[in-house]
1. Checking VAL23 against (1) farther than 17 Å from ILE188 by Cβ; (2) open to solvent by 20 Å² or more (accessible area, probe 1.4 Å), only one condition comes out false. Which one?
2. With respect to ALA15, determine if the residue is modelled with pLDDT of 90 or more and touching a helix residue (DSSP H, G or I) at 6+ places or on another chain (Cβ under 7 Å).
3. Search region 189-202 for residues that are within 13 Å of LEU73 (Cβ to Cβ) and pair each with any residue that is of a type outside the set (Ser, Thr, Tyr) and open to solvent by 10 Å² or more (accessible area, probe 1.4 Å) when their beta-carbon atoms are under 7 Å apart and the residues are at least 6 apart or on different chains.
4. Mind counting the residues in region 61-98 that are in contact with a helix residue (DSSP H, G or I) (Cβ under 9 Å, 6 or more places away or on another chain), outside any helix (DSSP H, G or I) and surrounded by fewer than 18 Cβ atoms within 10 Å (Cβ to Cβ)?
5. List pairs: first in region 44-66 and of a type in the set (Lys, Arg), second open to solvent by less than 80 Å² (accessible area, probe 1.4 Å), Cβ under 7 Å, 6+ apart or cross-chain?
6. If TRP200 meets every condition in (1) surrounded by 21 or more Cβ atoms within 10 Å (Cβ to Cβ); (2) at pLDDT 90 or above apart from one, which number is that one?
7. Determine which single condition ILE212 fails, assuming it passes every other condition in (1) in a helix (DSSP H, G or I); (2) open to solvent by 40 Å² or more (accessible area, probe 1.4 Å).
8. Being surrounded by 13 or more Cβ atoms within 10 Å (Cβ to Cβ) and outside any helix (DSSP H, G or I) is the filter; apply it to region 109-128 and report the residue that is modelled with the highest pLDDT.
Amino acid sequence: MISSSSKGTLYGIVAILLWSTIVGLIRNISEYFGAVGGAALIYTTGTLFLIFILGMPKLSHFPKRYLFWGGLLFVTYEVCLSLALGFATDRIQAIELGMVNYLWPSFTLALAVILNKQRFSILLIIGLLCAFSGLVWVVSGDNPLTVDGLWENIQSNPLSYILAFSGAILWAFYSNLTRLMSGGNNGIVPFFLLTSLALWGQYLFSAPVEWIVTTKSITLLLITGAAIGLANAAWTIGMIRGNVTLLATLSYFTPVISTAFSSILLSTALSFSFWQGVMMVTGGSLICWLATRQKTTKRFKMAK
């Protein structure tokens, strides 16, 4: 008989795997329905899946500041990520932008230290530098690593890079602030609904893009909506019932898993240098995690 804790941990692992497919799936959908229209369809479908699984919570039970700030940060992040991937000039750049987004674990840990009024450790600084170096390595591509070459690559599509980088910062704030303001409530369903409404509002004012409606595109849309909705539902269960420490550790390997899935889903071969950058970003996140973990352990020992 599998224990409730083991089931919760399993749900969390499933969520990590599902999240790892999102970059490739969102990019695929944008090629059928456009960047804005595709994102709106994805989050609408995801909202319907979440309502079916979790139901619609009573908003009166939620702290008002959590609904406002949590909703604002969540919606803005999701819009930034989906549009960054949708506006990518090609599939390889979409995977690069996914890596920019995966700076959020390092940012989240660094911000947690600031909010907890702790001093930066050398290990945390090393982790941040490692993650940034990995990102620079990825964005530079197979070209020689120079400032001019890096800037030229970013200038090829500055909007997408700005959106992806802003998204990483926004998610770091969301992860830290909502923990303090939520009061144990989970606003994922209303936040998803707000995201879809925001994207439909943007769609009304954007240039029309012809949709490619086929059996394949509709099937892919349902899969993407289910993946993004089920991932959030499963993660919630994992955080409530599962081994949080194990799941948090595994989540830092998401850049590697996501890059592998994206390469398969987008039928794109990635260079060895790209994978080197991915490993550096992942390693930087793990170093940041070790830095904050060491501080937590030290405080615990002193308390004993």
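The values are calculated or read from the model by the stated rules, or taken from the named source; none is laboratory data. Given the structure is predicted, the values throughout are model-derived calculations rather than measurements. Methodologically, a virtual Cβ is constructed for each residue, glycine included, from the backbone with ideal geometry; neighbour enumeration extends over all protein chains shown. Heads up: the accessible areas ignore ligands, DNA and RNA and are worked out on the full protein's heavy atoms, side chains in. Shrake-Rupley method; radii C 1.70, N 1.55, O 1.52, S 1.80 Å.
1. Evaluating VAL23 over (1) farther than 17 Å from ILE188 by Cβ; (2) open to solvent by 20 Å² or more (accessible area, probe 1.4 Å) leaves (2) as the failure.
2. Numbers: modelled with pLDDT of 90 or more: no; touching a helix residue (DSSP H, G or I) at 6+ places or on another chain (Cβ under 7 Å): yes.
Here the answer is no, as ALA15 does not meet what is asked.
3. From region 189-202, the pairs are PHE191/VAL75; LEU194/VAL75; THR195/VAL75; THR195/GLU78; THR195/VAL79; ALA198/VAL75; ALA198/VAL79.
4. 2
5. ARG65/MET181
6. (1)
7. (1)
8. Once the filter is applied, the top-ranked residue is SER121.
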